[in-house]
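For reference, the structure is listed below as structure tokens.
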Amino acid sequence: MAVTIRRLLANARLGLRVVLGHEGLDQPVRWVAVSEQPDPTPWLDGAELLLTSGMWLRDQDDPAAAAERWATRLAEAGARAVGFGLDPWFTEVPAEVVHATRRHRLTLIEVPRRTPFVAVDRAVADLNAAEARREAEQARKVQQQLAEAGYAGRQAVADRLARELHGWVAVLDAGHAVALRAPAGAGPAAEALTELARQGDRSGRHILQVELDGEPVTAVPLGPARERRGTLCVGALSVGERPMWAAGIIGTAAALLTVLDRGGERELRRTIAGLLAEGDARSAARVAAAADLPLPEEFAAVTLAGPGHRRATERIVAAGGWAAGDGRAGTVVLVIPGFTEERLEPLLDGARAGIAVPRPLDEVPAGIRESGLAAELTGPDRPVVRYADTPVMELDRLLASPEAERFAAALLAPVTETADGETLIAAARAWVEANHHWDPAAAAAGVHRETLRARLRRLAKLTGLDLDSPTDRLALSLLIATLARRGSGAGDR
């Protein structure tokens, strides 16, 4: 369910009122932007709710012309709606703004004096965060269902994928002939699908997205380029409406279809390792069981960095490692515990490696974090660092102590009791990880710099921290590190 103006209006605490544009209430809104500039478009990216108090209109010689230029720019930039705040400049929405937004089919909302703009921003952020959590959980469930369908074969996987995406699925073989469809007979003609598969081969891209008959269609190759086993084609409106959610599901289905077609073990391992890295050990186990691929009881995470680290990754994967994607300091490979002692170093050939403590499957995210920390300590004179041998491990133990947990709980208590607690903590995390630099922190958080500043000021007020103080900044950094450790599932070994 997308975040829309209608859902925002349902929040009675905000007291928002629609002035005009009821037909736009169900359009998705990605962000809130606040601007008092006559041309706010340099700070817009599309699909925003723009909040203004109209300060830019006060001293205009021709308010109607100024409002027209302003609304024209907003519409061209793809803004969804305007929230006009009453007071301190206007006691009602100016007629010039009403007329201009009506001409450009922008939804216009009145924001009452009692509602600060930051409350509207917070409400949209909370809705977006809740939606992201809901989509992630739904994607995990669908991936589990696809893995279970794998027991019944490739047609069952295609059927399940088509049902979940509310569209059609076609699987083509290596010669670009249609091998199966779901539902039966659905989708474009075989000739169109064959041409799409050939186009995908020519493009060299891992995923090709086109439009056929007004419908978004995704083509994904099955197997690596040198061992191409076919193409998965999917047509569904949901792919365009929820691209990130759909991409993960289609990727899981492609891996299953590849391995169920007599091979593709490396691609399957990549998918399973990706699920483990996301903390979804249950889905990983189901995919492995569907493909009759044994899983070890423990994995040691290795983060590879430095010159030639991607070639080293390929060598380790060829020797039996499980590629898990990119981590905080480089590429991540999962290996069985004995591999790091007996076989790893000769395969590096100039690359550097951070090696984690072996962990059970449900603790792989913690191992990946450990290997990333170790990799950050590597260098030309120290190409391999084991997490267990580093001072970082001692700090980790301190962060895992009951004292650290009590410190974090006490500091967080006033924050977690508020409706926007998660949003404030996310803002603090972005700021700490950006080494207290506002612009990169705002970019990482996906908000305007001033929005980030407002959230940090609110967090500081709730916690009593002075974020200009080095000591209090250290306290906040320790808090974020404790939360990161807790969130990764890390535990003492």
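Data overview
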quantity: Filter result (over 17 Å from HIS104 (Cα atoms), part of a loop (DSSP other than H, G, I, E, B) and not charged (D, E, K, R)) within the range 23-43; calculated: VAL29, SER35, GLN37
quantity: Pick from the range 417-442, criterion among the polar types (S, T, N, Q) and in contact with a helix residue (DSSP H, G or I) (Cβ under 8 Å, 6 or more places away or on another chain), ranking: surrounded by the most Cβ atoms within 10 Å (Cβ to Cβ); calculated: THR423
quantity: Residue list for the range 44-74, filter: among the charged types (D, E, K, R) and either outside the structural domain of THR107 (by TED's automatic domain parsing) or touching a His at 6+ places or on another chain (Cβ under 9 Å) (or both); calculated: GLU68
quantity: Number of the condition not met by ARG154 [criteria: (1) touching a residue at least 24 places away in the same chain (Cβ under 8 Å); (2) among the basic types (Lys, Arg); (3) closer than 29 Å to ARG242 by Cβ; (4) not assigned by TED's automatic domain parsing to the domain that holds ALA253]; calculated: (4)
quantity: Residue within the range 267-281 that is of a type in the set (D, E, K, R), at pLDDT below 85 and surrounded by fewer than 16 Cβ atoms within 10 Å (Cβ to Cβ) present; calculated: no
quantity: In the range 439-451, the residues that are farther than 23 Å from THR52 by Cα and touching a Leu at 6+ places or on another chain (Cβ under 8 Å); calculated: ALA441
quantity: In the range 338-386, the residues that are more than 24 Å from ILE272 (Cα to Cα), over 26 Å from the mean Cα position of the chain (by Cα) and surrounded by 15 or more Cβ atoms within 10 Å (Cβ to Cβ); calculated: ALA351, ARG352, LEU377, THR378, PRO383, VAL384, VAL385, ARG386
quantity: Per-region count, the range 49-97, residues β-branched (Val, Ile, Thr) and farther than 14 Å from VAL34 by Cα; calculated: 4
quantity: Unique match (being β-branched (Val, Ile, Thr) and surrounded by fewer than 16 Cβ atoms within 10 Å (Cβ to Cβ)) among THR72, THR4; calculated: THR72
quantity: Scope the range 80-127; condition free of Cβ contacts under 8 Å to residues at least 60 places away in the same chain, of a type in the set (D, E, K, R) and part of a loop (DSSP other than H, G, I, E, B); matching residues; calculated: ASP87, GLU92, ARG113
quantity: So ALA291, is it small (Gly, Ala, Ser), touching a helix residue (DSSP H, G or I) at 6+ places or on another chain (Cβ under 9 Å), crowded, with 23+ Cβ neighbours inside 10 Å and under 30 Å from LEU165 (Cα atoms); calculated: no
quantity: Single residue of the range 319-373 satisfying the filter (part of a helix (DSSP H, G or I) and of a type in the set (Asp, Glu)) that is nearest to ALA284 (Cα to Cα); calculated: ASP362
quantity: Residue identified as in contact with a helix residue (DSSP H, G or I) (Cβ under 8 Å, 6 or more places away or on another chain), under 14 Å from GLY230 (Cβ atoms) and of a type outside the set (Val, Ile, Thr) among ALA158, ALA197, ALA186; calculated: ALA158
quantity: Leading residue by the ranking (farthest from ALA442 (Cα to Cα)) among those in the range 7-53 that are touching a Pro at 6+ places or on another chain (Cβ under 7 Å) and surrounded by fewer than 18 Cβ atoms within 10 Å (Cβ to Cβ); calculated: GLY15
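The values are calculated or read from the model by the stated rules, or taken from the named source; none is laboratory data. Since this is a predicted model, take the numbers as computed values, not measurements. With ideal geometry, Cβ positions are generated from the backbone for all residues, glycine too; neighbour counts draw on all protein chains shown.
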